[in-house]
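Colleague: There's a structure below that I have some questions on.
Quick note: the coordinates plus some simple rules give every number you see, no bench work behind them. Computed from a predicted structure; not experimentally measured. Virtual Cβ from ideal backbone geometry, glycine too; neighbours counted across all protein chains shown.
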Amino acid sequence: MRSLLAVMVAAGLLLLTGDASAEPRVASGYRLETIGMPGAAFSGLLRDGQDLLVTDLASGRLYRRGPTGKLAAFGPSFPHGLDVIGDPTGPYGVVRAGDVLVVVQGWTPVGSDEGPFDHALVALDAAGGVRVISRDFWNPFDVIVEGGIYYVIDAARNTVERMQPDGRKDTLMTFPRAGETATALQSLSPTEFPEGKTYEVDAVPTGIGLRDERLYIALFGGFPFLAGAGKIVSIPKAGGTSMARLDVEGLNAPVSIAVDGDGDLLVLEHGTYDQKEGFRKGSGRLLKLDKMTGRRIVILDGLTRPVSVLVWDERRLVVSDLRGNLHFLTAETAR
């Protein structure tokens, strides 16, 4: 007779609670439930009616989780594999735009021939039809839709792009490279970063959110992913010549942004980096930044390589990670 655990794994649904969840630690006043799918690398999240949609970089598939709690794949298998630094690439995210789902597809996996869906925004209709909106990106990572307009993060170009539904686009912001002193880098490699020099690091925009007619963008920061080098900046949604405003600094590789019902920013940190180990296990966390005071509250800690945060409703949040976990965070009372 098969064990309950074996049945759940075979169904692609493994519930982890208590000590079995390994690292995540939840703040007082919240309850945490974690669901994992062995072999998956979850990325983008979307609430679609009462269903949760999630993208999987390991398989290139989209999954739908309905009231039964089971994850069911749908749509085509998008290009997927590893990028040039060995991280998974594929359908990074998904949003709804009217009657279609729009998938943010990353750059071409190493060792693969370039295909029609690589580095693109792709529309998927209810009948399963697929249409490329635009491939004029290098590595699109995140997108939001507002008033029928797509606001796209191109992480490789270090830009924020505004795109019309017909594919026309203009660049709202190009982030310059930032200087890092050798002093900050010497702990990584004193020989590679000798004292007295300054090194430029790419901004690497990742997550994007909208609040009060301003676009908020997470700047992950390029290699060597220094602790505390991550930032949140904002720009007017309408564009224009104004410079980006620095809103938050001292973050550890911020990768995703969401805005809750109170207007507070939720910032997901991917974690801290070690040259030998990569991103450290359990170093990711979810922060809540009070809109009025700017105070930072850690509401979920001990995450390993988290990717996206989704506001489900006034009480519930969802976080995905590259280990194939979905973390459901519920406030004991409405906040």
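Colleague: Using amide H atoms built in the peptide plane, which far-off residues or other-chain residues are under 5 Å from residue 108 H to H?
Modeller: Result for residue 108 returns 119.
Colleague: Now, a different point. For residue 81, which sequence-distant residues (separation of 5 or more, or a different chain) have an amide H within less than 5 Å of its own amide H, given hydrogens modelled in the peptide plane?
Modeller: Excluding prolines and chain starts, which carry no amide H, the hits are 89.
Colleague: Per 0.36 nm of contour for each residue apart, how much would the distance between residue 199 and residue 48 grow if the chain were fully extended, relative to their Cα-Cα spacing?
Modeller: Working: separation 151, 0.36 × 151 = 54.36 nm, distance 4.35 nm.
Extending this stretch completely gives an extra 50.0 nm.
Colleague: For the peptides 200-206, 251-257, what is the packing order when you average, over each peptide's residues, the other Cβ atoms within 10 Å and list the highest mean first? Walk me through the numbers before you get to the answer.
Modeller: Numbers: 200-206: 20.4, 251-257: 25.4.
Final packing ranking: 251-257, 200-206.
Colleague: Shifting gears a bit: Taking Cα pairs under 8 Å and at least six residues apart, what relative contact order does the chain come out at, in percent?
Modeller: Details: 897 pairs, mean separation 47.2, N = 335.
Contact order relative to length: 14 percent.
Colleague: For the chain, report the % of Cα-Cα distances exceeding 24 Å.
Modeller: Numbers: 30521 of 55945 pairs.
When every Cα pair of the chain is considered, 55 percent fall beyond 24 Å.
Colleague: Right, next: Which value, in debye to the nearest 20, describes the size of the charge dipole of the chain about its Cα centre when Lys and Arg Cβ atoms bear +1, Asp and Glu Cβ atoms bear -1, and nothing else is charged?
Modeller: Working: 35 positive and 41 negative charges, 123 e Å.
In debye, rounded to 20, the chain gives about 600.
Colleague: Test of the criteria: in the range 89-175, which trypsin sites (Lys or Arg not before Pro) are in a DSSP loop and have at most 10 other Cβ atoms within 10 angstrom of their Cβ?
Modeller: Passing both the DSSP loop test and the Cβ count: 168.
Colleague: Can you show me the helix-derived [θ] at 222 nm for the chain, built from DSSP H runs with n ≥ 4 at -39,500 (n - 2.57) apiece and divided by the number of residues, rounded to the nearest 500. Before the final figure, lay out each step's value.
Modeller: Values: 2 runs with 11 residues, N = 335.
Helix-only estimate at 222 nm: -500 deg cm²/dmol.
Colleague: Which whole-number percent is the relative contact order of the range 75-174 (Cα, under 8 Å, 6+ apart)?
Modeller: Numbers: 239 pairs, mean separation 18.4, N = 100.
Here the relative contact order equals 18 percent.
Colleague: Between residue 25 and residue 316, what is the FRET efficiency for a Förster distance of 22 Å, r being their Cβ-Cβ separation, to the nearest 0.05? Write down the numbers at each step before the final one.
Modeller: On the way: r = 18 Å, r/R0 = 0.82.
According to the calculation, E is roughly 0.75.
Colleague: Sort the following peptides by mean Cβ neighbour count (other Cβ atoms within 10 Å, averaged over residues), highest first: 37-46, 267-276.
Modeller: Ranked by mean Cβ neighbours within 10 Å, highest first: 37-46, 267-276.
Colleague: If you don't mind, another one. For the range 80-88, what does the Karplus curve 6.51 cos²θ - 1.76 cosθ + 1.60, with θ = phi - 60°, yield as ³J(HN,Hα) per residue in whole Hz, taken in order and with x for Gly and Pro?
Modeller: Once rounded to whole Hz, the list reads 8, x, 10, 8, 5, 9, x, 8, x.
Colleague: Tabulate in residue order the Karplus-calculated ³J(HN,Hα) for the range 159-176, using 6.51 cos²θ - 1.76 cosθ + 1.60 with θ = phi - 60°, rounded to whole Hz; enter x for Gly and Pro.
Modeller: So the J values, rounded to whole Hz, are 10, 10, 10, 10, 10, 7, x, 8, x, 5, 8, 9, 8, 7, 7, 10, 8, x.
Colleague: While we're looking at this one, here's another question. Take every Cα pair under 8 Å in the range 248-335 that's 6+ residues apart, average their separations, divide by the length, and report that relative contact order as a whole percent.
Modeller: Values: 201 pairs, mean separation 19.4, N = 88.
The normalised contact order for the range 248-335 reaches 22 percent.
Colleague: Mind listing the long-range amide H neighbours of residue 211? Cut-off is under 5 Å, sequence gap 5 or more, other chains count too, H placed in the peptide plane at 1.01 Å from N.
Modeller: It is 216, by chain and number.
Colleague: Running Debye on the range 242-284 with equal point scatterers at the Cα sites and no solvent, what base-10 log of I(q)/I(0) appears at q = 0.16, 0.22 Å⁻¹?
Modeller: -0.56, -0.83
Colleague: Another question about this same structure. How many nm separate the modelled label positions at residue 292 and residue 77, each set 7 Å beyond the Cα in the direction of the Cβ?
Modeller: Label at residue 292, label at residue 77, 5.3 nm between them.
Colleague: Another question about this same structure. Considering only Cα-Cα distances, which of the following residue pairs are longer than 28 Å: 169/281; 169/288; 237/276; 70/169; 70/276; 231/281? Please list the in-between numbers first.
Modeller: Numbers: 169/281 39 Å; 169/288 32 Å; 237/276 40 Å; 70/169 38 Å; 70/276 37 Å; 231/281 21 Å.
Pairs exceeding the cut-off: 169/281; 169/288; 237/276; 70/169; 70/276.
Colleague: Classify the range 75-174: rounded, prolate or oblate, from the alpha-carbon gyration tensor (a ≥ b ≥ c, eigenvalue square roots; a/c under 1.5 rounded; otherwise prolate if a/b is larger than b/c)? Could the numbers behind the result be given before it?
Modeller: Details: a/c = 2.02, a/b = 1.17, b/c = 1.73.
Because a/c hits 1.5 or more and a/b fails to exceed b/c, the range 75-174 counts as oblate.
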